[in-house]
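What follows draws every value from the coordinates through simple rules; no lab data is involved. This one's a predicted model, so the numbers in the text were calculated from it and none came from an experiment. Neighbour counts run over all protein chains shown; Cβ positions are idealised from the backbone, glycine included.
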């Protein structure tokens, strides 16, 4: 089984700990086997022949063996637990490392809750198996083989007879294991859906409360929980069948030993001491076989969970650096789009045969209606996606020929939806440059027009922003995101609607601060307002994935019939409308004037 081989390979990475567990298990089970052997050896000489003088010494030996077994078992549990946790740590690390290397397209088509369920929930059964059940299988195997060998030395006929129900035990374990894995896979899939539902509901708790949908969300979660209950119940019912069934076979095996062993004892082939020893060892033969079934059940759960985890590990990133990338020094910032066409999987083209040249150090503004391809266009520069047709060049080199890390390290990107990590303001600003000095952090905050706000806080730069920056306003979050991009000193700076959540005055402050920084780098500004790109050297207007206007903002504004001119006029009228009093606006609206 490929999944089992991969799990074994994971465990062999810590073979020294695994070997230590094996040796400790062998030692502890050998001591356990020796205890009934010594007790059985007392019967004939002490109770039959009357040599009671050996009883104290044999008792001391039994106690010493019990102490030795307990010590070895403790060591086995400690080392085994350490081994299991090391394997879990490596699997989590490797999985997260692989997730970080996957392309944006994987996250576009995979729900966050599904990923979280696999990384967190599906690790639990694997951890349980590695930490406990794997040791249990080793322990049971050693105990069974050791007991069988010892019993065979006493009387091979009775040893063989005691194994009469072994085929039934094996069949029971195989059948239960066959059904438990798909049942567990179904329950894990439902658990992933619940995790997704929970993640979405908590993330949108303000919307849920705003629309008073708490009861509806509770009902939906309860329905999903009921599905998980039913799916898990099926797996547990199979588990519940195994132990009573194997208990029946164990009882039959004990009856065989008593009946046949008694006959051999009466016939003189076994001494009373050997018969008593054998009777004690029957538990050591039957119990490992029954417990092995639990190990098989746990193993099937672990394999089902591992299959879901390895499904992520088998995902290949769509975009990787070439084996021999074109050398890239500090870029000048020249960008070209040549005949670029791009469509997301299963969708219509977002960009259609687009040609664009951005000169080094130029500030380019991009305007256009919703879904015109603005954000998609700039996402091709750091190679978040590859075009379906055409190519994107930086300093005359196709980005597909460049090392991804070296390319992206010179591009600062402020996304439309700013995301802040839980932590301090300082940690968020310095995220892209953890070695930044305090002065550099403060300068970046100054350039993003947020330093005055930070200095006014009680804890200053050490202020915690909360999960996703929820303790800050939308405008404050965006300005921190701008500071985070600025501190890396990028050669290309991309601002994707980064002033959409700030007021006009704050936007003016940010633009004033950015003006100095834009002189030495290529800057691309995506905006919804004409005023946001007024400082650009050049503006393009996109519509349905094509450039419909291109020129200096003041030139485009002169053509009031064009897309840019219409947008500028509408926004100018809107600003004028906002500048009047509510009474004046209402009077104008009542006359049907100024409704544009």
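Whole number please: convex hull volume per residue, Cα atoms of the stretch 418-489, in Å³. Each step should come with its number before you reach the end.
Working: hull volume 5.2 nm³, N = 72.
Here the figure is 72 Å³ per residue.
Please report Rg (one decimal) and Dmax (integer) in Å for the Cα set of the stretch 3-128.
Every Cα atom of the stretch 3-128 included, Rg and Dmax give 24.4, 83 Å.
Relative contact order of the chain: what whole-number percent is it, with Cα pairs under 8 angstrom and at least 6 residues apart?
Values: 856 pairs, mean separation 79.2, N = 596.
The value is 13 percent.
Set the Förster distance to 41 Å, then compute FRET efficiency between residue 61 and residue 468 from the Cβ-Cβ distance, nearest 0.05. Spell out each step's value before the answer.
Values: r = 66 Å, r/R0 = 1.60.
The computed FRET efficiency comes out at 0.05.
What full-extension length gain, to one decimal in nm, is calculated for residue 559 and residue 4 as 0.36 nm per residue of separation minus the Cα-Cα distance?
On the way: separation 555, 0.36 × 555 = 199.80 nm, distance 6.89 nm.
Gain on stretching residue 559 to residue 4: 192.9 nm.
I want to verify the translational diffusion coefficient of the stretch 193-233 in µm²/s; compute it with Stokes-Einstein, Rh as the Kirkwood radius over Cα pairs, at 10 °C and 1.306 mPa s. Don't jump to the answer; show the numbers that get you there.
Details: Rh = 10.7 Å.
In µm²/s, the coefficient rounds to 149.
Of the peptides 270-276, 442-448, how do they stack up when ordered by the mean number of other Cβ atoms within 10 Å, highest first? Show your work: numbers first, answer last.
Numbers: 270-276: 19.1, 442-448: 21.3.
Descending packing order for the listed peptides: 442-448, 270-276.
Sort 296, 492 by Cβ crowding within 10 Å, fewest neighbours at the top.
Numbers: 296 21, 492 24.
Exposure proxy ranking, most exposed first: 296, 492.
Mind checking the angle between helix 15-42 and the chain's longest principal axis? C-alpha axes, 0 to 90 degrees, to the nearest 10.
20
By average Cβ neighbour count within 10 Å, what is the ranking of 314-320, 100-106, 379-385 from highest down?
Details: 314-320: 12.4, 100-106: 14.7, 379-385: 19.7.
Final packing ranking: 379-385, 100-106, 314-320.
Expressed as an acute angle from 0 to 90° and rounded to the nearest 10, what is the orientation of the C-alpha long axis of helix 438-447 relative to the principal long axis of the chain?
Taking Cα atoms only, the helix is inclined about 50 degrees.
Which whole-number percentage describes the relative contact order of the stretch 418-489, with Cα contacts under 8 Å and a sequence gap of 6 or more?
Working: 98 pairs, mean separation 38.0, N = 72.
Normalised by residue count, the contact order of the stretch 418-489 is 53 percent.
For the stretch 61-122, evaluate the Debye formula with one uniform point scatterer on each Cα (no solvent term) and list log10 I(q)/I(0) at q = 0.15, 0.30 Å⁻¹, rounded to two decimals.
For the stretch 61-122, the Cα-only Debye profile gives -0.63, -1.17.
By how many degrees, between 0 and 90 and to the nearest 10, does the Cα long axis of helix 2-12 differ from the longest principal axis of the chain?
On a 0 to 90 degree scale, this one is about 80.
Over the Cα atoms of the stretch 269-365, what is the Rg over Rh ratio if Rh follows Kirkwood? The partial results should precede the final answer.
On the way: Rg = 33.8 Å, Rh = 21.7 Å.
Taking Rg over the Kirkwood Rh, I get 1.55.
With just the Cα atoms of the stretch 118-208, tell me how far they stretch along each of the three principal axes, in Å, largest first.
So the extents along the principal axes, rounded to whole Å, are 76, 24, 13.
Which of the peptides 111-124, 324-337 is most tightly packed, and how do the rest follow, judged by the mean count of other Cβ atoms within 10 Å per residue? Present the calculation step by step, with values, prior to reporting the outcome.
Values: 111-124: 17.6, 324-337: 15.8.
My ranking of the peptides, most packed first, is 111-124, 324-337.
Work out how far the C-alpha atoms of the stretch 280-323 reach from end to end along every principal axis, then list the three figures in whole Å, largest first.
67, 19, 6
Relative contact order of the stretch 2-313, please, whole-number percent, based on alpha carbon pairs below 8 angstrom and at least 6 residues apart.
This gives 31 percent for the stretch 2-313.
For the stretch 513-573 and the stretch 255-311, what is the separation of their Cα centres, given in Å?
Measuring centre to centre over Cα atoms gives 81 Å.
Calculate, in whole percent, how much of the Cα-Cα pair population of the stretch 2-313 lies beyond 36 Å.
Of all Cα-Cα distances in the stretch 2-313, 36 percent exceed 36 Å.
Would you order 44, 462 from fewest to most other beta-carbon atoms within 10 Å of each residue's own beta-carbon?
Numbers: 44 16, 462 13.
By the 10 Å Cβ count, ascending, the order reads 462, 44.
What is the log10 of I(q)/I(0) for the stretch 65-218, computed with the Debye formula using one identical point scatterer on each Cα and no solvent, at q = 0.16, 0.18, 0.20 Å⁻¹?
-1.10, -1.21, -1.29
Can you sort 5, 69 from fewest to most other Cβ atoms within 10 Å of each residue's own Cβ? Write down the numbers at each step before the final one.
Values: 5 9, 69 19.
Starting with the residue having the fewest Cβ neighbours, the order is 5, 69.
Just how far, in whole angstrom, is the stretch 467-490 from the stretch 1-76 if you go by their alpha carbon centroids?
62
If you average 1/r across every pair of different Cα atoms in the stretch 368-445 and take the reciprocal, what Kirkwood value do you get, in Å?
Details: mean 1/r = 0.0665 Å⁻¹.
After inverting the pairwise mean of 1/r, the radius is 15.0 Å.
Determine the calculated [θ] at 222 nm for the chain from helices alone, applying -39500 (n - 2.57) to every DSSP H run no shorter than 4 residues and normalising by the residue count; nearest 500 deg cm²/dmol.
Details: 22 runs with 361 residues, N = 596.
Calculated at 222 nm, the ellipticity per residue is -20000 deg cm²/dmol.
When the Kirkwood hydrodynamic radius is evaluated over all pairs of different C-alpha atoms of the stretch 4-47, what value in angstrom, to one decimal, is obtained? Each step should come with its number before you reach the end.
On the way: mean 1/r = 0.0769 Å⁻¹.
This gives a value of 13.0 Å.
Treating each Cα of the stretch 236-300 as an identical point scatterer and ignoring solvent, apply the Debye formula and state log10 I(q)/I(0) at q = 0.12, 0.13 Å⁻¹.
Taken in order of the listed q values, log10 I(q)/I(0) reads -0.40, -0.45.
Of the beta bridges DSSP finds with both residues in the chain, what % are antiparallel, to the nearest 5? Mind showing how you got there, number by number?
On the way: 19 of 36 bridges.
Counting only bridges with both partners in the chain, antiparallel ones make up about 55 percent.
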